[in-house]
Protein chains: 2
Amino acid sequence: MSDYPKVVEFHEEGPREGFQIEKRSYPLEQRARFVEALADTGLKQIQVGSFVSPKAVPTMADTPELFDMIRRRDDVRYTGLWLNEKGFQRALQTPGCDMEGKLIFYTTDTFCKMNNNCTVAENRDAQGKWAQLYLDNDVPLDKAYILTAFGCNFEGDVPQDRVLDNVRYLVDLCADLNVPMPAIYLADTVGWGNPEAIRRMIGAVRELVPDARIGTHLHDTRGVGAGNVLAALQMGVSLFDSSVAGLGGCPFSKASDVQGAGNICTEDMAFMCEEMGIDTGLDLEALLAAAAMAEEIIGRPLTGKLMHYGMPARRAA
Amino acid sequence: MSDYPKVVEFHEEGPREGFQIEKRSYPLEQRARFVEALADTGLKQIQVGSFVSPKAVPTMADTPELFDMIRRRDDVRYTGLWLNEKGFQRALQTPGCDMEGKLIFYTTDTFCKMNNNCTVAENRDAQGKWAQLYLDNDVPLDKAYILTAFGCNFEGDVPQDRVLDNVRYLVDLCADLNVPMPAIYLADTVGWGNPEAIRRMIGAVRELVPDARIGTHLHDTRGVGAGNVLAALQMGVSLFDSSVAGLGGCPFSKASDVQGAGNICTEDMAFMCEEMGIDTGLDLEALLAAAAMAEEIIGRPLTGKLMHYGMPARRAA
């Protein structure tokens with residue numbers, strides 16, 4: 001019936017997704033304690049913040065100070081996000097930021113032009129330069145994201161070949177640079193995915209690169225997130241980006257920027273996996289405590305469900 | 001990979017689930033217009049209200065008046081819920097209430113005693129009397145629910161045979177009475193289900209009664225609802241109870257009565273089906289309008305997601 005992985009890994013995006021989207025800033029101290037709480041749940045990777053222009057995203061201006069304040073665990077990677085070389089250099093110069101080489105591919109010119117002022121093809125060539133930059137700085141090439149892999153608010157449904165063209169480029173690039181293939185992350189950036197689309201797209205990518213590790217970056221924009229995760233699990237996906245408490249969403253307003261709408265919720269999806277017998281390595285009670293902390297910091301109800309109802313009470317044997 | 005049905009049917013429980021759980025009552029007129037809006041979405045069946053003790057559930061005391069006020073469509077069934085013979089008689093005497101014969105089975109003595117002051121076995125025997133009562137009153141035996149089929153807050157995980165024993169009883173009962181088997185609804189009454197448990201339980205029931213139509217009554221208590229619906233679809237389930245806007249939940253408080261926690265959301269799940277190419281017969285835009293109406297009546301944000309983000313904007317061809 002399915003090809004479930006035995007073990008899956010959730011990479012936590014809550015600290016960046018959650019606080020970046022907010023209009024106000026939150027005290028450094030609170031955010032550092034929140035990251036520390038997350039690090040105590042068994043999560044192996046936590047995206048702490050963005051190295052983006054402080055002018056564009058004032059809430060992330062203090063990312064280097066945040067890294068500095070966190071009491072680190074040795075078994076957790078604390079990562080950051082950058083969108084240009086300046087941000088990359090800031091990350092490199094930030095002690096405590098675990099450098100993770102990421103490439104970003106697009107599927108539609110309209111969305112790519114909005115974000116990068118270039119076409120899909122031009123952005124693809126730029127990724128070659130990024131890969132070289134990582135190589136030059138001893139940063140391992142860990143992940144390649146393909147954004148809006150399941151649909152785009154500007155150009156609608158995305159043909160499979162738009163995704164596969166990026167994968168083909170990546171294969172050639174890795175061969176040229178003689179580096180191992182990074183994990184390929186299919187991102188449902190604006191919440192268009194459905195379980196069948198996910199099954200088909202992952203199947204097509206798998207056929208092209210059978211040995212590549214595949215991950216997903218899914219949003220629960222339209223309430224289908226758990227179905228999409230299940231479909232990905234059934235295709236053997238073992239890497240998931242997620243946000244504790246569903247941080248990052250703006251659930252109860254017609255947000256003009258729907259890109260921000262709700263990552264899949266770490267503890268709800270980890271609960272689903274664990275109940276299905278798939279090992280996440282996570283301590284769900286500790287995750288629920290971190291989710292409660294997020295809700296307290298943000299100061300309004302968050303969209304996670306398990307955090308509001310708790311674990312099923314199994315009778316002691 | 002799967003055995004998806006081509007067509008699925010959602011039975012709407014929002015009007016009862018949504019308003020019954022609330023502490024205050026809402027004007028009859030508003031609730032009647034809400035049911036009418038739902039009836040214009042393509043839904044074939046809507047549970048309008050409960051015929052339960054007005055003392056126990058004051059918000060449902062005016063159910064007969066509500067039925068009377070609704071402008072009916074011929075292609076929709078307007079049903080009600082009863083829990084005892086007095087309620088059944090009230091329903092029978094309510095013009096406009098489409099009578100639907102339902103049996104209710106339990107899986108754990110503790111939960112059954114709480115609800116009915118009897119054991120699982122005693123309740124089972126009582127269902128024989130209910131079936132006879134329906135027969136005597138020309139009420140078709142439409143559905144047999146098996147409550148807490150996936151877990152119980154009091155007794156924990158539910159062994160498969162607890163569910164199958166009820167199915168076996170039902171088979172014998174229908175043979176004895178010489179009536180067709182009703183649809184069998186597996187209910188995740190307190191939100192314990194996960195996709196694997198659902199796959200296994202439905203598989204076991206299907207093996208026992210290959211020709212029976214199987215439905216599910218699922219709650220999204222712990223954020224796994226869409227995954228559970230997908231698992232049910234993959235097992236060929238084509239009948240789903242659901243609530244528009246996710247009505248019935250009490251999402252942001254540690255409800256003492258978690259039974260009330262969030263039915264799966266009609267429009268989100270219908271969206272998932274339609275995107276997967278499964279026909280629901282529903283007008284999603286009309287459903288979104290009904291969901292918005294529910295939110296306005298209740299007067300606080302509801303948990304549906306599609307209603308807050310809208311349909312993906314596909315570019316005109």
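Report, by residue number, each residue of region A:20-62 that is modelled with pLDDT of 95 or more and among the β-branched types (Val, Ile, Thr).
Listed by number, the residues that qualify are A:VAL35, A:THR41, A:ILE46, A:VAL48.
Considering only region A:269-317, state which residues are within 19 Å of the chain's Cα centre (by Cα), buried (at least 17 other Cβ atoms within 10 Å of the Cβ) and in contact (Cβ under 8 Å) with a residue 60 or more places away in the chain.
A:MET269, A:ALA270, A:CYS273, A:THR280, A:LEU282, A:LEU287, A:ALA290, A:ALA294, A:THR303, A:GLY304
How many of the residues making up region B:283-308 are part of a helix (DSSP H, G or I) and not aliphatic (A, V, I, L, M)?
Residues that pass the stated criteria total 4.
Could you figure out which of (1) surrounded by fewer than 21 Cβ atoms within 10 Å (Cβ to Cβ); (2) modelled with pLDDT of 95 or more isn't true of A:ALA91?
Here A:ALA91 meets the rest and fails (1).
Quick grid of which residues meet (1) within 14 Å of chain A (Cβ to nearest Cβ); (2) under 30 Å from A:VAL229 (Cα atoms):
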site	(1), (2)
B:GLY156	yes, yes
B:ARG168	no, no
B:PRO180	no, no
B:ILE184	no, yes
B:LEU218	yes, yes
B:ASN228	yes, yes
B:ALA231	yes, yes
B:VAL237	yes, yes
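Output the residues belonging to region A:108-126 that are touching a residue at least 40 places away in the same chain (Cβ under 8 Å) and crowded, with 19+ Cβ neighbours inside 10 Å.
Hits for region A:108-126 are A:THR108, A:PHE111, A:VAL120, A:ARG124.
Going by the conditions given, is A:ASP172 farther than 11 Å from A:THR107 by Cβ, acidic (Asp, Glu) and modelled with pLDDT of 95 or more?
Judged against the criteria, A:ASP172 is a match.
Might you check whether a residue that is surrounded by 21 or more Cβ atoms within 10 Å (Cβ to Cβ) and part of a helix (DSSP H, G or I) occurs anywhere in region A:47-58?
No, there is no match, as no residue in region A:47-58 is surrounded by 21 or more Cβ atoms within 10 Å (Cβ to Cβ) and part of a helix (DSSP H, G or I).
If A:PHE150 satisfies all but one of (1) surrounded by fewer than 21 Cβ atoms within 10 Å (Cβ to Cβ); (2) within 14 Å of chain B (Cβ to nearest Cβ); (3) hydrophobic (A, V, I, L, M, F, W, C); (4) touching a strand residue (DSSP E or B) at 6+ places or on another chain (Cβ under 8 Å), what's the number of the condition it fails?
For A:PHE150, the failing item is (1).
Residue pairs, Cβ under 9 Å, 6 or more apart or interchain, first in region B:129-143 and in contact (Cβ under 8 Å) with a residue 60 or more places away in the chain, second surrounded by 18 or more Cβ atoms within 10 Å (Cβ to Cβ) and assigned to a loop (DSSP other than H, G, I, E, B). List them.
Taking only residues 6 or more apart or on different chains, the pairs are B:LYS143/B:GLU100; B:LYS143/B:PRO182.
The values are calculated or read from the model by the stated rules, or taken from the named source; none is laboratory data. Since the model is a prediction, treat every value here as computed from it, not as a measurement. Cβ atoms come from the backbone with ideal geometry, glycine included; neighbour counts cover every protein chain shown.
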